[in-house]
Every structure is written in structure tokens, then in C-alpha cells.
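Below is one structure. I have some questions about it.
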Amino acid sequence: PQLQRFMEAEVQKQRVQLLIHHMTELCWEKCMDKPGPKLDSRAELCLVNCVERFIDTSQFILNRLEHTHKAKPFFSQNLSD
Amino acid sequence: PQLQRFMEAEVQKQRVQLLIHHMTELCWEKCMDKPGPKLDSRAELCLVNCVERFIDTSQFILNRLEHTHKAKPFFSQNLSD
Amino acid sequence: PQLQRFMEAEVQKQRVQLLIHHMTELCWEKCMDKPGPKLDSRAELCLVNCVERFIDTSQFILNRLEHTHKAKPFFSQNLSD
Amino acid sequence: QVKVQIAVANAQELLQRMTDKCFRKCIGKPGGSLDNSEQKCIAMCMDRYMDAWNTVSRAYNSRLQRERANM
Amino acid sequence: QVKVQIAVANAQELLQRMTDKCFRKCIGKPGGSLDNSEQKCIAMCMDRYMDAWNTVSRAYNSRLQRERANM
Amino acid sequence: QVKVQIAVANAQELLQRMTDKCFRKCIGKPGGSLDNSEQKCIAMCMDRYMDAWNTVSRAYNSRLQRERANM
């Protein structure tokens with residue numbers, strides 16, 4: 001059980017790493033069209049906001065799925081077939 | 001150990017195949033905007049150059065990572081957390 | 001053998017699910033540039049046609065590969081190396 | 001239990017792809033908060049994305065049945 | 001047997017990527033059938049995609065050999 | 001040992017995505033060699049990509065800590 005807990009924690013860490021790679025790519029496209037000789041403060045702010053808004057978007061979607069009636073038929077259909 | 005070496009070689013081959021699929025997609029986008037009835041020599045040269053420059057880019061990046069000081073904090077941070 | 005058949009069926013189902021996710025993404029890009037307050041009938045028809053034509057395209061490609069001479073050197077080369 | 005795992009994986013896959021598509025569509029330059037118009041855009045985008053997923057699933061299944069009937 | 005599995009996986013990968021690229025390139029707004037000009041476009045696109053795959057494979061292998069010769 | 005494997009996989013993932021992005025950004029039509037201006041572009045692109053990765057990681061971790069503090 002200790003080994004299992006260790007493995008689960010490592011799998012979870014890897015999932016976070018993949019999310020960070022994904023956000024880096026997405027925010028790179030949104031904030032860095034012309035990479036300059038330094039990371040200027042505008043690009044840095046854009047990157048930080050991009051991560052914050054991406055997490056906001058995920059949470060907004062999850063919340064809305066839990067509270068809306070539309071979600072139920074989808075997930076039950078999904079589980080039953 | 002012989003089976004293991006065989007498996008490792010096969011895994012390595014599959015990695016090369018995925019790299020070739022990836023380069024085909026990338027160079028297709030760079031060199032073949034309008035596929036014609038034949039692979040003309042200009043598109044063919046572009047594809048060959050595209051593969052060569054992609055490998056150059058990978059090697060340039062790897063070399064620079066090894067020689068630059070910036071790489072060290074990144075990789076050590078990466079290993080320690 | 002029964003467990004194996006069950007697992008194979010589940011793996012196959014998951015492959016279908018991934019195909020559906022892939023087609024949703026592709027057809028979303030082709031048919032839904034501006035999501036409106038309702039799924040209008042034009043977008044719905046476009047989605048259905050998009051799925052049908054995507055499957056047509058897959059089948060067309062598979063058929064042509066089987067009947068063309070070009071396919072043979074490719075697949076045999078592929079199998080022999 | 002395998003069935004539940006696959007259903008969960010499937011729902012997660014849908015969630016991830018939907019989040020990605022709706023973020024790209026609704027957030028232009030990311031600002032200091034998720035403002036009202038962005039939230040409305042995301043809500044609409046979610047509903048349409050799930051509609052699209054449902055329509056695609058139905059279209060795929062009906063095609064499959066037609067093909068089986070023709071064999 | 002492992003070799004056959006890898007070759008099959010490799011052919012499937014090529015097929016998937018080719019279908020995706022040629023569908024995107026040849027089908028603008030999906031209509032009620034795969035019309036003649038779309039079929040021609042797909043056929044041409046397939047041939048060029050396989051040419052590209054072959055050219056890329058050859059270029060990669062010749063680079064690999066040059067590198068090995070230099071070591 | 002699992003930790004090392006994950007760190008290696010993570011570094012490889014970063015390397016692959018960075019190579020892809022910087023190749024797309026810096027090499028227009030691929031020519032007969034990697035010329036000087038392309039090399040400069042790649043070097044700058046690498047540095048900015050690693051900056052972006054670091055900034056994103058920090059922003060994600062600080063968000064996580066704020067969320068935990070609020071629970």
C-alpha cells in the first residue's frame with residue numbers, strides 16, 4: 001500500500017508536468033508572437049494571466065457541469081453504454 | 001538480457017518511426033501547400049532540407065543546453081522537486 | 001479467453017471513443033467558427049456531413065491502398081526493415 | 001470496473017479538449033480576471049461543444065448501423 | 001511477432017495522419033457526398049503524402065549514416 | 001529511480017516541444033544550411049521558451065498554494 005501510494009503520487013506529478021507543458025505551449029502562442037532578447041514584463045504578465053485564466057476556465061467548466069442539468073444525461077449516457 | 005536488448009532495440013526503432021512521422025507532418029506543412037500530380041524537384045529538395053535543418057536545430061539546441069549556464073538551474077531544479 | 005475477449009472489446013470501444021473525440025475536434029473547426037446560443041440546423045447538418053465524409057475519406061484511402069501498386073512496395077518495405 | 005475506468009477516461013478526454021478549444025476561442029489576450037463576457041462565451045462554447053460531441057457520436061453510430069445492414 | 005506489431009502500428013500511424021491531412025486539405029465545407037473533384041484531390045494528396053514520407057525517411061537515414069561515418 | 005525516470009521524461013518532453021516551436025518560428029523555407037540569423041533566432045527562442053516554462057510553472061504553483069490556503 002505504501003508503494004502504491006508512492007506510485008500514485010508520482011503518476012499525479014507527471015500529470016501536472018504534462019499540464020504545465022500544455023499551458024506553456026498554449027500561453028506561448030497567446031503571449032509570445034515575437035520572442036525578444038529578454039522576457040519583457042508585458043510578456044511575463046501575459047503568461048501569468050494566461051495560466052490564471054486557463055485554470056479559471058477549467059474550474060468554471062467543471063462547476064457549470066456539476067450544476068447544470070445538461071451534464072446529467074451526458075454523463076449517465078456515457079456511463080451506461 | 002538478450003530479450004531485453006532486443007526489446008530495447010525495438011522500442012528505439014519505434015521512437016525513430018514516430019520522429020519520422022512527426023517530421024513528415026512538419027515538412028509537409030512547410031513544403032507542400034499545393035500537392036501536384038508529381039513530387040516536383042523543388043518540393044523534394046525542400047523536404048530533404050527540412051529534415052536536415054530539423055536535425056540541425058535539435059543538435060544546436062542540445063549543444064547549447066550543454067554549454068550554457070542557464071541549463072544547469074533548470075535541470076537541477078527539475079531533478080530535485 | 002473470455003476475459004481476453006472482454007478486454008479486447010473494451011480496448012476497441014476506447015479506440016472508437018478516441019476517434020469520436022478526434023472527429024468532434026476536426027468537425028468543430030470545419031463547422032462551428034462562431035458558436036451561437038443554439039445549435040442551428042445548418043451547423044448540425046455540417047457536423048453530420050463532416051462525419052460521413054471523414055469516414056468516406058478513410059474508406060476511399062484504404063480501398064485505394066489495397067488496389068494500387070504503389071502500396072505494395074511501401075508496406076513490404078515497411079514490414080521488412 | 002474496467003467499464004467505469006473507460007467512461008471516466010472518456011469524460012476527462014472530453015473535458016480537456018473542450019477546455020482547450022473554449023479557452024482558445026473565448027480568451028483573446030488573457031487579462032486580470034475572467035470577465036463577464038468571457039464567462040458567457042465559455043458557457044455557450046461548452047454547450048455547443050457538447051452538442052457537437054453528441055451529434056458526431058450519433059452520426060458515427062448511425063453510419064455504423066447502415067454499414068452493418070449492408071453486409 | 002513484436003516486429004510485425006510495430007510494423008502494423010507504424011502503418012496505422014501513417015494512415016491516420018494521412019487521412020487527417022488529406023481530409024483537411026481536400027474537404028472544404030463537407031457536402032452530401034464525396035464528389036469527384038474531392039476524390040481526385042484525396043488521391044493526389046495520398047500519393048504526395050507517401051512520397052513525402054518516403055523522402056523524409058530516406059533523408060533521415062542518409063543523415064544518420066553520414067553522422068556515423070564521421071564518428 | 002522512478003523519480004529520475006520522470007525527470008528525464010519531463011526534460012525530453014520540454015526539449016521536443018521547444019525544438020518543434022523554435023523550428024516552426026525560425027526556419028521559414030528550409031535552405032542548404034542553418035544560417036547565422038536562423039541560429040540566433042533559435043538561441044533566442046530557446047531562452048524565451050525556457051523562461052515561459054519557468055514562469056508558467058511558478059504561476060501554476062503559486063495558484064495551487066493560494067487555493068490550498070483558501071480551503
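Kindly state which helices (runs of 4 or more DSSP H) lie completely within chain C and contain at least 1 residues that are at the interface with another protein chain (Cβ under 9 Å from one of its Cβ atoms) and at pLDDT 85 or above. So that I can check it myself, show each step before the final result.
Numbers: elements: C:2-31, C:41-67, C:71-80.
Ranges flagged: C:2-31, C:41-67.
Looking at (1) touching a residue at least 24 places away in the same chain (Cβ under 8 Å); (2) more than 29 Å from F:GLN39 (Cα to Cα), which is the only condition A:PHE6 fails?
Against the list (1) touching a residue at least 24 places away in the same chain (Cβ under 8 Å); (2) more than 29 Å from F:GLN39 (Cα to Cα), A:PHE6 comes up short only on (1).
Within the range E:55-71, track down each residue that is more than 19 Å from the chain's Cα centre (by Cα) and assigned to a helix (DSSP H, G or I). Give the derivation first.
At the first step, the residues of the range E:55-71 found to be more than 19 Å from the chain's Cα centre (by Cα) are E:62-71.
Listed by number, the residues that qualify are E:SER62, E:ARG63, E:LEU64, E:GLN65, E:ARG66, E:GLU67, E:ARG68, E:ALA69, E:ASN70.
Also, I was wondering about something else. Please specify each residue of the range D:25-42 satisfying the condition of being of a type in the set (D, E, K, R) and either within 19 Å of A:ALA43 (Cβ to Cβ) or touching a residue at least 60 places away in the same chain (Cβ under 8 Å) (or both). Explain how you work it out, then say what you get.
Pass one, the range D:25-42, residues of a type in the set (D, E, K, R): D:25, D:29, D:35, D:38, D:40.
Matches in the range D:25-42: D:LYS29 only.
Further question: State yes or no: is D:ILE27 crowded, with 17+ Cβ neighbours inside 10 Å, more than 11 Å from chain C (Cβ to nearest Cβ) and of a type in the set (A, V, I, L, M, F, W, C)? Working first, answer last.
On the way: crowded, with 17+ Cβ neighbours inside 10 Å: yes; more than 11 Å from chain C (Cβ to nearest Cβ): yes; of a type in the set (A, V, I, L, M, F, W, C): yes.
Criteria met by D:ILE27.
Looking at E:SER57, E:SER62, E:SER33, E:SER37, can you tell me which residue is at the interface with chain B (Cβ under 9 Å from one of its Cβ atoms), polar (S, T, N, Q) and surrounded by fewer than 19 Cβ atoms within 10 Å (Cβ to Cβ)?
On the way: E:SER57 fails: surrounded by fewer than 19 Cβ atoms within 10 Å (Cβ to Cβ); E:SER33 fails: at the interface with chain B (Cβ under 9 Å from one of its Cβ atoms); E:SER37 fails: at the interface with chain B (Cβ under 9 Å from one of its Cβ atoms).
Exactly one of E:SER57, E:SER62, E:SER33, E:SER37 is at the interface with chain B (Cβ under 9 Å from one of its Cβ atoms), polar (S, T, N, Q) and surrounded by fewer than 19 Cβ atoms within 10 Å (Cβ to Cβ), namely E:SER62.
The values are calculated or read from the model by the stated rules, or taken from the named source; none is laboratory data. Computed from a predicted structure; not experimentally measured. As a convention, Cβ positions derive from the backbone with ideal geometry for all residues, glycine included, and neighbour counts pool all protein chains shown.
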